[in-house]
Amino acid sequence: FPKGHTEPGETELETAMRELKEETNLEVTPVEGFRREIAYRLRANMNITKQAVYFLGKAKDGQLICQESELLGAEFLPLDQALARLTFDSIIEILKEADAFLAK
């Protein structure tokens, strides 16, 4: 679930694709029709609220390489294992919604 700031002239989706490429080396083909937005508070300062927007994408061929300054790790997992690893309820719900969306 990469996050980042929108650069001038970028759409939300372009930002998401760029951040994913920067942080994981993966390029994706967007899956149309799925967009979820959440608001969360920073642990270090509970007075600051941030917003994040999530999209679905299908990974193109490429090697998963984590940008060490941004990620501790990344991997592809079956849904049940991915859900078990996630710690934030809002992210768990987004992953469940994404699965339901793809099952349609």
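The values are calculated or read from the model by the stated rules, or taken from the named source; none is laboratory data. Model, not experiment: these values are computed from the prediction. Glycine gets a Cβ as well: all are built from the backbone with ideal geometry, and neighbour counts include every protein chain shown. These area figures cover heavy atoms from the full protein model, side chains too; ligands, DNA and RNA do not enter into them. Shrake-Rupley method; radii C 1.70, N 1.55, O 1.52, S 1.80 Å.
When you restrict to C-alpha pairs under 8 Å that are six or more residues apart and normalise by the size of the chain, the relative contact order lands at 24 percent. Residues whose amide H comes within less than 5 Å of that of Q67, counting only those at least five positions distant or on another chain, are T24 (H built at 1.01 Å from N in the peptide plane).
When the chain is described by a simple charge dipole with +1 on each Lys and Arg Cβ and -1 on each Asp and Glu Cβ, the residue from I91, T29, F55 located farthest towards its positive end is I91. Projected label points at K60 and A82, each 7 Å from Cα along the beta carbon direction, are separated by 2.0 nanometres. Taking the 1.4 Å solvent-accessible surface of the chain as the whole, the part contributed by carbon and sulfur is 52%. Labels on offer are (i) 17.0; (ii) 14.1; (iii) 14.9, and the one holding Kirkwood radius over Cα pairs in Å computed from this structure is (iii).
Each Lys and Arg contributes +1 and each Asp and Glu -1, all at the Cβ; summed about the Cα centre of the chain, the dipole is approximately 300 debye. Based on alpha carbons, the Rg and Dmax found for the stretch 43-103 are 14.0, 41 Å.
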